[in-house]
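Undergrad: Quick one: structure below, then a few questions.
All of the numbers you see were taken from the coordinates with simple rules; none came from a lab. From a predicted model like this one, the values you see are computed outputs, not experimental measurements. For neighbour counting, all protein chains shown are included, and Cβ atoms are generated from backbone atoms with ideal geometry for every residue, glycine included.
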């Protein structure tokens, strides 16, 4: 069977290479280095060892993923052609931040190639030594090319970031870290750790991370662990910890007593407070109110966690799975060229989800899916939209206006009669329902329209109070004609 041996050259010069690896290199009938850009390569040449490298593969492509695939394919082909085993030598340790090793582990068995791995000192060994921290304190190793928004970084752990090949990569790392750490946070950059004459360690504030020179294959970044509140308070884990403490026996008496039922009204109120910040176009207030709304989610999840049913991480997992499942045009193979096609995909997936739950979507009401406790205007709008989808709708908007006039007439007929209060509520409800239908036809959100009118009323009435206060009176001390005059002034002031 063809054989391939992967060995680690260590993170620095030949003094960091193990004796076992050195013997394997000397005995290799075919030796291949991933790159000659490593301190040990010169030593191997001085010792008369002949080797090949994959540097040409790197030079032909800017796509690292493609480079690693090519290297993997070529190594497997070399192993199959060789009379003896092939030795593949890598910087550092073969199992630490080495993509080609992972690809070879996946492919060699499929290709009938026997694979062996011999370790070596990794760059982590030098990082622990040169930076002077014990990994038992907790640390995370991250790839500079896949940090993303930085929200996966835990500031309570030492953070080592490898694969910082150049200034552009360092700039991406800086932006990711700034999502978690203050701009002035001290970070440590290490170049060629453990390599005599080449090692360089620099301490800089985070915002200057990409202003340094010298980034390359042997560069990495260390962010020391932090328990500072300014850092910890930017993490979801800290929020979870705080809510857990508040609900604990040593926590807040009020929070401990809360139940789903007692928190119900708070959830509704916080939702409306968020909506108010949206209407006011106030980002600062929105940030605060979204936090209050998130607290309600955390409290409800914590109550269930204490009962052993689910916790907030189950909530997050369920949401993530749903988003992935319902967006196959983003995370799968299904196409959606516009919003309408995306919505059609969404609706079809929801039907399939119902079937998975044992519900036949063809036997459910067209009005199903409208939450029972929605506010009246919003619920009316959703019910009408669902009915309209199956053809139960007016043909022209003029018919809608005629219906409004008809319902107003029926409401007016209850005045002066011995009508029961329930009858008047019914007739008023019919008027409101018909008005919502007009809003739907006009493409207007009735709740938003009413909220706009409410704000307008508050502003104009406030103007009345200001004018009266200027002459030392209150609305109670005024009369309707005077207040109406100020009302009209308020309208004109707004127009101008």
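Undergrad: Which order results if 226, 11 are arranged by neighbouring Cβ count within 10 Å, fewest first?
TA: Least to most surrounded, the residues fall as 226, 11.
Undergrad: Also, quick follow-up: Rank by packing, highest mean first: peptides 290-303, 320-333, with packing defined as the count of other Cβ atoms within 10 Å averaged across residues.
TA: Per-residue mean Cβ counts within 10 Å order the peptides as 290-303, 320-333.
Undergrad: Could you quote the convex hull projected area for region 236-325, Cα atoms only and averaged over all directions, in nm²?
TA: 7.0 nm²
Undergrad: By how many degrees, between 0 and 90 and to the nearest 10, does the Cα long axis of helix 283-306 differ from the longest principal axis of the chain?
TA: 80 degrees
Undergrad: At a 10 Å Cβ-Cβ cut-off, how would you order 195, 86, fewest neighbours first?
TA: 195, 86
Undergrad: Moving to a separate point now. For the chain, give me the percentage of DSSP beta bridges that are antiparallel, rounded to the nearest 5 percent.
TA: 40 percent
Undergrad: Another question about this same structure. If one takes the longest principal axis of the Cα atoms in the chain, at what angle in degrees, from 0 to 90 and to the nearest 10, does the Cα axis of helix 446-470 lie?
TA: 70 degrees
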